[in-house]
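Peer 1: Quick one: this structure, given as structure tokens, is what I'll be asking you about.
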Amino acid sequence: MARIEREKKTIEYMIHIYCGAFHNDASKAGGLCGGCGELLKYATERLERCTFGENKPACSKCKIHCYKKDMRDKIKAVMRYSGPRMMIYHPWLAFMHILDSFKKT
Ligand SMILES: [Zn+2]
């Protein structure tokens, strides 16, 4: 799987885990609440527009802070919560993500 595609999947799962835990909203049909839907859309767009493309460094290490401040705060909260849980639900993606963050930038 291409790098960008994999990162998109990873972030999608992470947002789902987070939204399911904190915004359990009966009105959402198996999807995400409004705010998390926006966040996912935003994160996906940022990945697609990443200047580094397939050679991108891990977002946490990137020198270009392409996220708007409020979106960055949201995604940080998602990663803090869902990061460790990815090991349980999606160990392979979690493993690849950790591997990426160790690669030199
Ligand atoms: Zn949510």
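The values are calculated or read from the model by the stated rules, or taken from the named source; none is laboratory data. Bear in mind the structure is a predicted one, so any value in this text is a computation, not a measurement. Cβ coordinates were reconstructed from backbone atoms using ideal geometry, including for glycine residues, and neighbour counts include every protein chain displayed. Note: accessible area is taken over every heavy atom of the protein model, side chains too, but ligands, DNA and RNA are not part of it. Shrake-Rupley method; radii C 1.70, N 1.55, O 1.52, S 1.80 Å.
Peer 1: What tally of residues in the range 37-93 results from selecting those that are among the β-branched types (Val, Ile, Thr) and either under 11 Å from the mean Cα position of the chain (by Cα) or in a helix (DSSP H, G or I) (or both)? Give the steps one after another, and end with the answer.
Peer 2: The initial filter retains those residues of the range 37-93 that are among the β-branched types (Val, Ile, Thr), namely 44, 51, 64, 75, 78, 88.
Filter once more, so that each one left must be either under 11 Å from the mean Cα position of the chain (by Cα) or in a helix (DSSP H, G or I) (or both): 44, 75, 78, 88.
Going through the range 37-93 one residue at a time, the tally reaches 4.
Peer 1: So which residues in the range 43-72 are open to solvent by 30 Å² or more (accessible area, probe 1.4 Å) and over 19 Å from ARG3 (Cβ atoms)?
Peer 2: Those that are open to solvent by 30 Å² or more (accessible area, probe 1.4 Å) and over 19 Å from ARG3 (Cβ atoms): HIS65, LYS68, LYS69, ASP70, ARG72.
Peer 1: Among (1) of a type in the set (A, V, I, L, M); (2) loosely packed, with under 13 Cβ neighbours inside 10 Å; (3) at pLDDT below 80, which single condition is ALA21 missing?
Peer 2: Every condition holds for ALA21 apart from (3).
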